[in-house]
Every structure is written in C-alpha cells, then in structure tokens.
1. Identify, from the list ARG230, ARG209, the residue that is surrounded by 13 or more Cβ atoms within 10 Å (Cβ to Cβ), charged (D, E, K, R) and closer than 20 Å to TYR100 by Cα.
2. For segment 171-206, give me each residue that is among the small types (Gly, Ala, Ser), touching a strand residue (DSSP E or B) at 6+ places or on another chain (Cβ under 9 Å), over 29 Å from ALA239 (Cβ atoms) and part of a loop (DSSP other than H, G, I, E, B).
3. Right, LEU121: crowded, with 24+ Cβ neighbours inside 10 Å and either touching a residue at least 60 places away in the same chain (Cβ under 8 Å) or over 16 Å from PRO222 (Cα atoms) (or both) or not?
4. Out of VAL163, VAL138, report the one residue that is in contact with a Gly (Cβ under 7 Å, 6 or more places away or on another chain) and hydrophobic (A, V, I, L, M, F, W, C).
5. Report, ordered by the first and then the second residue, all pairs with beta carbons closer than 8 Å, sequence separation of six or more or different chains, a first member in segment 199-214 that is under 13 Å from PHE152 (Cα atoms), and a second member that is part of a strand (DSSP E or B) and not small (Gly, Ala, Ser).
6. Just to be sure, is VAL168 touching a residue at least 40 places away in the same chain (Cβ under 8 Å), on the phi < 0 side of the Ramachandran plot and in contact with a strand residue (DSSP E or B) (Cβ under 7 Å, 6 or more places away or on another chain)?
7. Among the numbered criteria (1) without any contact (Cβ under 8 Å) to a residue 40 or more places away in the chain; (2) crowded, with 18+ Cβ neighbours inside 10 Å, which single criterion is violated by THR116?
8. Can you tell me which residue within segment 139-187, out of those that are surrounded by 13 or more Cβ atoms within 10 Å (Cβ to Cβ) and β-branched (Val, Ile, Thr), is modelled with the lowest pLDDT?
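The values are calculated or read from the model by the stated rules, or taken from the named source; none is laboratory data. Bear in mind the structure is a predicted one, so any value in this text is a computation, not a measurement. Cβ: placed from backbone, ideal geometry, glycine included. Neighbour counts: every protein chain shown.
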Amino acid sequence: MTEERLQKLMAKAGLCSRREGERIIDEGRVTVNGIVAHLGQSADPASDHIKVDGKMLRREEPPRYILLYKPRQVMTTCDDPEERMTVLDLLKPTIRERVYPVGRLDYHSEGLLLMTNDGDLATRVAHPRYGIVREYLVKVRGNLSESELTRFRRGAHVDGRKVVPKSVKRERLTREGNSWWRVEVTEGRTHEVRELFFRVGHPVQRLRRTAIGPLRDDHISPGQFRDLTRTEIERLEKATRKAGPKAKGGPRKTAGTGARRGRAGSERKR
C-alpha cells in the first residue's frame, strides 16, 4: 500500500472527516511510529504504526451506509454515561463495521437517521453548507394562527445562529384541536424544529424525521434498519456535491457532526 495523508487514512477508517482529522493532528493527538505527527504528513498503514489518542488506527473498512429508524427515547450517540439505549445498541450484533450517526435526533424525537463509516460523506450530509434538506412531520399543541405562521416562517435564532425553515405546511388537525405540520430545514441543528414551534407558542408533542435529502422510506418501522441501495448512495453523493458550490466561498469540509468517535453529549429535553 502506498502512503497517504493521515487525515485521509483516518477518514477511510471511519474515525472522522478529513477536516476533523486535520484538527486532531494539529492538536498532537496522532503519532506515527511513536513520533507526534504533523499536518501534511503521510504514512503507510501497512508498515507504519499510526495511533490516535494512543489507540492503533484500524485498517480501512469497506464503506457501509445504513438507514435506521430511530425510536423515541434512544440516544443518537455511540455511548451514554447514563446507560440509556443508543443507536449503536440497535445495530449490534448485526453490523460489524464501525459506523456512526450522521447528525442528531434528540432523545424524544424519532425517524430516519443515516449511519456510516464514510467520514467525508457524513460531513457533507451533516453540515448546513451543503444544503441537505431534512423533512419532519411534527405534531404540536394547538394550531398556528396566520400571524404565528408568518413568524415561524421568518425563523429564529437557535444556539446563536439564525434558523429559517425552507418550507412549512399544515397537514391536518386532530379532534383534540392540535395540529400536524410538515417542515423542511437545511441547518440540521439539534432541537431547531422544536425551538421554532416553541417560539410561536406551540410546543411539539411528537416529531418524526421523514427524509434526509433524497433518502426516504415510508415502510421502515421504529428500531428497524437497512443498507442503502447503490442508487440511494449515488443520489446522496450527487445531492451533496451539487449543493456545496452554492455556499458562499465554495464547498469546504468542516468539522461537524459527521462520522467520528462516539462521545455522549447531554441532550436538552424540552
């Protein structure tokens, strides 16, 4: 095997995106044959001992792309200090590759979640720069008035960043006077849809992600998962490549919520 840049080897191993790999190298967390690595360094995993945070870098794994329906009350992390069920627990022991969740669905939400060991694709899907649309079906308390709907469409600041929905449409009213809405967003920030409805006075009662870019499956049930088809992978690749250049300054791989080593984070409940 020929030498390749360390960040590329880390991405191929499903550890992180290339951009995130550059940050990890810059922090001095990577060694090659016992010597701290530097940015721009290459290595041959067949003959060099490459370690990240003291652990040997695994050889490149075949890429794996899995569509999972995350049930409610399951953590979108690889481990949890409170020992709650995680999305990786749903895959064991069927999936042997080290795959990681792309983006987040909070503890009380459900729906489609992409799991992969392809760090580069994970970054493009997760980062708002690439404009991948996420669709949600949301049940809220009560029904939005015209003025509230106008405010909702204008967006709001969530975690210090303005979030504006791509589209919002009422699906139906319930007998109890609550309402279901279909919402599309491109930011991909945790709790953003819940926050948008909360800001206009209609707390979310149930939230389900129904699509990630071109990925959709109306027949998969909570807890079930399947591999993406070759056509789905190609459509997802095309969607991220097409969206990237539209962002100001052109496409750029950035550290985000793509495939990387699992770290359990606290998920705020509303």
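1. Details: ARG230 fails: surrounded by 13 or more Cβ atoms within 10 Å (Cβ to Cβ).
None of the others qualify; the one that does is ARG209.
2. Our first condition is that a residue be among the small types (Gly, Ala, Ser); within segment 171-206, this holds for 177, 179, 188, 201.
The next check asks that each one be touching a strand residue (DSSP E or B) at 6+ places or on another chain (Cβ under 9 Å); those that pass are 179, 188.
From what is left, the residues that are over 29 Å from ALA239 (Cβ atoms) are 179.
Answer for segment 171-206, where residues must be among the small types (Gly, Ala, Ser), touching a strand residue (DSSP E or B) at 6+ places or on another chain (Cβ under 9 Å), over 29 Å from ALA239 (Cβ atoms) and part of a loop (DSSP other than H, G, I, E, B): there is none.
3. On the way: crowded, with 24+ Cβ neighbours inside 10 Å: no; either touching a residue at least 60 places away in the same chain (Cβ under 8 Å) or over 16 Å from PRO222 (Cα atoms) (or both): yes.
It is false that LEU121 is crowded, with 24+ Cβ neighbours inside 10 Å and either touching a residue at least 60 places away in the same chain (Cβ under 8 Å) or over 16 Å from PRO222 (Cα atoms) (or both).
4. Working: VAL138 fails: in contact with a Gly (Cβ under 7 Å, 6 or more places away or on another chain).
One residue alone meets the criteria, VAL163.
5. Note: pairs meeting the criteria are HIS202/VAL140; PRO203/VAL140.
6. Numbers: touching a residue at least 40 places away in the same chain (Cβ under 8 Å): no; on the phi < 0 side of the Ramachandran plot: yes; in contact with a strand residue (DSSP E or B) (Cβ under 7 Å, 6 or more places away or on another chain): yes.
Against the criterion (touching a residue at least 40 places away in the same chain (Cβ under 8 Å), on the phi < 0 side of the Ramachandran plot and in contact with a strand residue (DSSP E or B) (Cβ under 7 Å, 6 or more places away or on another chain)), VAL168 does not qualify.
7. Just one mismatch for THR116, condition (1).
8. VAL158
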